[in-house]
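**Q** Starting off with a structure, shown below.
The values are calculated or read from the model by the stated rules, or taken from the named source; none is laboratory data. Since this is a predicted model, take the numbers as computed values, not measurements. With ideal geometry, Cβ positions are generated from the backbone for all residues, glycine too; neighbour counts draw on all protein chains shown.
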């Protein structure tokens, strides 16, 4: 699965958790760009990504994601 | 299957205006936002609008000890206190050995202070979580022998908490420990969520917790199961009694018999705690009864079954029959059947009844049924047991009815006694209630308030009669009334005739008319006029007057000539 496919899947997860069908996220999107992307939703997004891709993030990783792009890189490396 | 958390969360957007409102407050020592969403969403899923006050993070003490807090302003019906084992563990580890040894007792004292403080200001139910009895691997298994170990104290705390609740009838325990034992702590706790967000339950566990809390609240609010209706072949035993015969069905040591023996043992426990057991099976009755009478390894016996229905009719109709005999709500019954066709048919015909979708493998039946927590209850008292006896007697009557080929023999055997009284202060509330509630046996569907009945009872143009009925199985109470209005010196009009359907087909109608006629004659009347006003619900009594010998006039009007009417055609009921 390449980054593009991962991004498509992640978009679905974001739309679902944040309950916003119009939302689109990109590699350079950061939390403050997106309405409702607060810590409460963040943990739900992380859990949903883990489930969808059958991967596990470390707590350290979760704390250090600066934008969606870094999240993508982490997913991609775990899937490799 | 429980709905997932994301389904519950989506429910939050639904319109809840038409739903029943229950006010709950949630206080937690951990982050409870998602728990709150799950409870709210689970309520909506089940047609209850939980209006929730969720305190800010870790405010249990603040909300309870500050008399001006939001909690007291909100005044909930239910207060839910979520205390986590994780935080308790942290606290425990800071204590010295003496305090550790008294830890459970100290915690109970603290909970008592909370309770006392709350009780001074609120009259709500309090639901509090118990603690997860997980070994903390400090002493390993040896912890059982060390009073100052966390494992020892947490088990004692749970036990003490149960003792504490015994005499406080507004305090209930949410048995989170048992839920987590069932699912496994590694499935319910996500260390990431805990260390990042201070959440002690992972997302997949939230629907389970929400259901559990919902179950308790609903049971306290009066909605709980009273009856389990069971199929026989491949549900209570393996195989088909009609084909395999009494020696061929699997129960006890034969084949997969253990599966069914253990299921029956559990059902028997339900019976002993007051759940009514009914059988509904497509079978020839005689053949279906045989294992209960003669199979040495059957656990359930006929005396455990309140009502036994085995025939070839449609199961939905049979369940309706069971419901009528027991006179309880469809929503208080559970139907267990291995056959998906029967389950679907019953679900479709009777949406209110609970019909679990049993797993395919019979070996999984019992663990599956237990996991559903179908029989949550908010009380267990002598009154409950008495109520069960009442239901069983009701059913016995219908058994007896089945055992008498001749209806007259059955009725003669019931030893029925009726007391007739005009409307008086003490019976007016019940007459009014009967007029409000009866839809089927209600000839003109007039609803009377107590005030109206008081006026009628003192008006000399009215004759009023109320009837009670006692039989050898118990007191049915006031079950019928007739109100007659004087039209002229020789004619009475039946303004309304109402009877409880519980006493249908017992000759009560004839007894009632006999009494009314003899009374009318004594007062010099020679004619009674009556009317049937049809409604959607009273077709039951469409032929009521004609079957009693009234002559049909146009427009659903009837007339009875009292000089022709023959009294005393039945003698099953004695008047006292």
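**Q** In region B:262-303, which residue that is without any contact (Cβ under 8 Å) to a residue 40 or more places away in the chain and more than 26 Å from the chain's Cα centre (by Cα) is surrounded by the fewest Cβ atoms within 10 Å (Cβ to Cβ)?
**A** Going through the qualifying residues, I end up with B:286.
**Q** If you don't mind, there's one more thing I want to ask. Answer with yes or no whether residue B:310 is in a strand (DSSP E or B), more than 24 Å from residue B:373 (Cα to Cα) and assigned by TED's automatic domain parsing to the domain that holds residue B:343. Step through it out loud before you land on a result.
**A** On the way: in a strand (DSSP E or B): yes; more than 24 Å from residue B:373 (Cα to Cα): yes; assigned by TED's automatic domain parsing to the domain that holds residue B:343: yes.
Here the answer is yes, as residue B:310 does meet what is asked.
**Q** Based on this model, can you work out whether residue B:64 counts as in the same structural domain as residue B:128 (by TED's automatic domain parsing), within 17 Å of residue B:114 (Cα to Cα) and buried (at least 21 other Cβ atoms within 10 Å of the Cβ)?
**A** Yes: the conditions hold for residue B:64.
**Q** Next question, about the same structure. Quick check on my filter: what residues within region B:203-229 are within 14 Å of chain A (Cβ to nearest Cβ) and surrounded by fewer than 20 Cβ atoms within 10 Å (Cβ to Cβ)?
**A** B:204
**Q** Would a scan of region B:344-354 turn up a residue that is in contact with a helix residue (DSSP H, G or I) (Cβ under 7 Å, 6 or more places away or on another chain), surrounded by fewer than 20 Cβ atoms within 10 Å (Cβ to Cβ), touching a residue at least 40 places away in the same chain (Cβ under 8 Å) and part of a loop (DSSP other than H, G, I, E, B)?
**A** no
**Q** Sticking with this structure for a sec: Kindly provide the set of residues from region A:38-80 that are free of Cβ contacts under 8 Å to residues at least 24 places away in the same chain, away from chain B (no Cβ under 14 Å) and assigned to a loop (DSSP other than H, G, I, E, B), ordered by number.
**A** A:54, A:80
**Q** Among the residues of region B:531-549, how many are in contact with a strand residue (DSSP E or B) (Cβ under 6 Å, 6 or more places away or on another chain), under 19 Å from residue B:503 (Cβ atoms) and not in a helix (DSSP H, G or I)?
**A** 1
**Q** Out of the residues in region B:505-530 that are within 29 Å of residue B:412 (Cα to Cα) and in a loop (DSSP other than H, G, I, E, B), which is modelled with the lowest pLDDT?
**A** Checking each candidate, the answer is B:505.
**Q** Output the residue which, of all residues in region B:177-202 that are away from chain A (no Cβ under 14 Å) and closer than 23 Å to residue A:52 by Cβ, is surrounded by the fewest Cβ atoms within 10 Å (Cβ to Cβ).
**A** The extreme case among them is B:184.
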